[in-house]
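Worksheet: one structure, shown below.
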Amino acid sequence: MDMITILADKRDGRALSAAQLDYFITEYTAGNIPDYQASALLMAIYVNGMTRREIVDLTLAMAWSGDTLDLSDIAPFVVDKHSSGGVGDKTTLVVAPVVAACGVPVGKMSGRGLGNSGGTLDKMEAIPGWQCDLTVAQFRRQLRDIGFVLAGQSADLAPADGKLYALRDVTATVGSVPLIAGSIMSKKLASGANGIVLDVKVGSGAFMTSVAEAEKLAQIMVNIGNDAGRKTAAILTNMNQPLGYAIGNALEVKEAMAMLNGATNPADFYAHCVEIAAWMLLLAGKAATLDAAKKLTMQTLASGAAYTKWREMVVAQGGDGAYVDDPNRMAAAPFTQPLLAPQAGWIDRIDTGAIGWAAVELGGGRKVKTDKIDPAVGFVFRAKVGDYLEAGESMGMVHAADKAAAQQAYDSVQSAVSWSAERVAPLTHILGIVQ
Ligand code: URA
C-alpha cells in the first residue's frame, strides 16, 4: 500500500477501498504520512466526494484509530450530542449540564473551532485552568462520579480526528459531507454513547448551505449511528443568523452561563437549547414525549440544577470555580465599539459565515494551526432577520484587541447585513428531523 496510489485514485475519482482508508488513517495517526500528503487527500475527497460505503469505512477507521469506550459498566444509557458547526453555537454548554442534571450521564467528545465556526473546547478554555485532555481512565471516572464529561480528542480517543480536524481547519477542506460525517461520527462511536443527537446546521453560517445537502449529511450520520447500535436522531436547524447574541469564546461562555442561571434570553438560543436537550432526554427515555422532555428541560434550567452540574464538571476538569460564580472575571477585550444600524429598515439577510470569519479575524479562531486564540474578542450581535431598526439604533458591540481590529470587524459586520424597506418575516428555526 502506498500513499501516492491512494492520492491518484481519489484525484481521478475512483472509490478507495476499506484497506486503503484504513492504511491512510492508521499511518497518518502514527505520524508516518506527512501533512502535505494528507492535505492533498483531504482536498481530493473535498472535490470528488465519497460513496456511502467509503464514508462508513472512513468513519470506522477513524473511530478505531484509538480506544473505543464501553461505558455499560458505568451507566445503562449515556447520551451525547454534536453540532455540525455554526456561528455563536454554544449549545453544548447549556444542554449537556441540563441532561446530566436530569440523571442521564453525558460523556461528550467535543472539537475546537473549525473554519469560521467556533469550537466548544476553545470556548471552555476561556475558563482558566479548564482542560480537555483526559485519559480514558479519567473520562470513565468522571462520568461515574458526576455523570458529565466534556473531553477533546486525545491520544486515546479518536486521535485521527484530532489530527485531521486541525489540518482541515487550515486547508479549506471543512465543508465536505464525507469529512464532516467521518469526523463527527468517529468521535461519537469512540466515546461510547448509546444515544446521539446531531444538530445539523443549515445556512450561510453553516458548512451545509442548503436543506438538501444538510439532509444528506444528516441521513448518512444517522444511518452510521443506528447501524452501530446507537439511537441516533438529527435535527436540522437554521444557521442563517448567529445563534443567540454572543460570538467569541469568553462572550459565549458568559451567555451560556447566564442561561444556566435562569435567563430565557436570547429567545432563539433558549428555544434551540430546549429542543436539543429535549431530544437527548427523549432518546434516553427520560420523558414519554418531546413536549414532556421540553418541560423537564425548562424546569431543570429554572431550578439551578443544570448550573450546579456545570460547575461540578468545570471544577473536576481543573477549571477555576470562581469564574463560574462570577463570569465577569473572564477575559474582557480592551477595546469595544458599538455596532449601529446604518439605516432604518427590516433586516433581510445576514451573511452569518462572514460574521464568523470576522470573529476569526479578531483573533477568536485560527487561520493557521499554531494561531493562539484570544478568548476575549468577538461580538455581541443582537439583530435578527425580520427585526426592524431605526438608523443609529444599537445592533450590538464589537469586542477587540485594539481600535484598528474593531474598525475592521465593524465594517465586516456592516457588509454582512442586508436591509429591506418592506417587512421581513423572522426565520423558522427547526428545518427538519431525520431519524
Ligand atoms: N464538528 C466536527 O466535529 N467535525 C466537523 O467536521 C464539523 C463539525
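The values are calculated or read from the model by the stated rules, or taken from the named source; none is laboratory data. What you see is a predicted model; the values in this text were computed from it and never measured. When we count neighbours, we look across all protein chains shown, and the Cβ atoms used for this are built from the backbone with ideal geometry, even at glycine. Surface accessibility is based on the protein's heavy atoms, side chains included, excluding ligands, DNA and RNA. Shrake-Rupley method; radii C 1.70, N 1.55, O 1.52, S 1.80 Å.
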Fill in: the stretch 384-413: number of residues that are without any contact (Cβ under 8 Å) to a residue 60 or more places away in the chain and part of a loop (DSSP other than H, G, I, E, B)
6
Worksheet item: Does any residue in the stretch 160-175 that is farther than 17 Å from ALA206 by Cα and without any contact (Cβ under 8 Å) to a residue 60 or more places away in the chain come within less than 8 Å, Cβ to Cβ, of a residue that is open to solvent by 10 Å² or more (accessible area, probe 1.4 Å) and more than 10 Å from the ligand (Cβ to nearest atom) six or more places away or on a different chain, and which pairs are these?
Response: GLY162/SER154
Item to complete: Specify which of the listed residues (ALA292, ALA271, ALA258) is free of Cβ contacts under 8 Å to residues at least 40 places away in the same chain, of a type in the set (A, V, I, L, M, F, W, C) and open to solvent by 30 Å² or more (accessible area, probe 1.4 Å).
Response: ALA292
Response to the item:
For the stretch 354-374, pairs from a residue that is over 14 Å from HIS399 (Cβ atoms) and touching a residue at least 40 places away in the same chain (Cβ under 8 Å) to a residue that is among the β-branched types (Val, Ile, Thr) and crowded, with 24+ Cβ neighbours inside 10 Å, with Cβ under 6 Å and 6 or more apart or across chains, are GLY356/VAL87
Worksheet, complete the sentence: Only one of ASP325, ASP348 is under 30 Å from ASP145 (Cα atoms), acidic (Asp, Glu) and surrounded by fewer than 17 Cβ atoms within 10 Å (Cβ to Cβ), namely ASP325
Item to complete: Could you grab me the full set of residues in the stretch 364-384 that are open to solvent by 50 Å² or more (accessible area, probe 1.4 Å) and β-branched (Val, Ile, Thr)?
Response: VAL368, THR370
Worksheet item: Looking at (1) of a type outside the set (Gly, Ala, Ser); (2) open to solvent by 20 Å² or more (accessible area, probe 1.4 Å); (3) modelled with pLDDT of 95 or more, which is the only condition MET124 fails?
Response: (2)
Practice prompt. Among residues belonging to the stretch 146-163 that are open to solvent by less than 10 Å² (accessible area, probe 1.4 Å) and in a helix (DSSP H, G or I), point out the one that is nearest to the ligand (Cβ to nearest atom).
Written response: ASP161
Response to the item:
Sole miss for PRO266 among (1) crowded, with 19+ Cβ neighbours inside 10 Å; (2) more than 22 Å from ASP199 (Cα to Cα); (3) modelled with pLDDT of 95 or more is condition (2)
Worksheet item: Do you know which residues across the stretch 86-112 are out of contact with any Cys (no Cβ under 8 Å at 6 or more places or on another chain), within 12 Å of the ligand (Cβ to nearest atom) and open to solvent by less than 10 Å² (accessible area, probe 1.4 Å)?
Response: GLY86, THR92, LYS108, MET109, GLY111
Worksheet item: What is the one condition in (1) away from the ligand (no atom under 16 Å from the Cβ); (2) within 28 Å of ALA267 (Cβ to Cβ); (3) of a type in the set (Asp, Glu) that GLU213 does not satisfy?
Response: (1)
Practice prompt. Just one of (1) assigned to a helix (DSSP H, G or I); (2) out of contact with any Pro (no Cβ under 8 Å at 6 or more places or on another chain); (3) not aliphatic (A, V, I, L, M) trips up ARG349, so point out which.
Written response: (1)
Worksheet item: Is it true that PRO342 is outside the structural domain of LEU260 (by TED's automatic domain parsing), assigned to a loop (DSSP other than H, G, I, E, B) and either open to solvent by 50 Å² or more (accessible area, probe 1.4 Å) or farther than 25 Å from LYS403 by Cβ (or both)?
Response: yes
Worksheet, complete the sentence: Going through (1) assigned to a helix (DSSP H, G or I); (2) within 11 Å of the ligand (Cβ to nearest atom) one by one, GLN142 fails only at (2)
Worksheet item: Is there a residue in the stretch 180-195 that is surrounded by 22 or more Cβ atoms within 10 Å (Cβ to Cβ), within 14 Å of the chain's Cα centre (by Cα), within 13 Å of the ligand (Cβ to nearest atom) and small (Gly, Ala, Ser)?
Response: yes
Practice prompt. Might you let me know whether the stretch 48-55 holds any residue that is under 22 Å from GLU213 (Cα atoms), under 22 Å from the mean Cα position of the chain (by Cα), surrounded by 21 or more Cβ atoms within 10 Å (Cβ to Cβ) and not assigned by TED's automatic domain parsing to the domain that holds PHE139?
Written response: yes
Worksheet item: If you go through the stretch 398-419 one residue at a time, do you hit one that is within 19 Å of GLN241 (Cβ to Cβ), in contact with a Lys or Arg (Cβ under 7 Å, 6 or more places away or on another chain) and at pLDDT 95 or above?
Response: yes
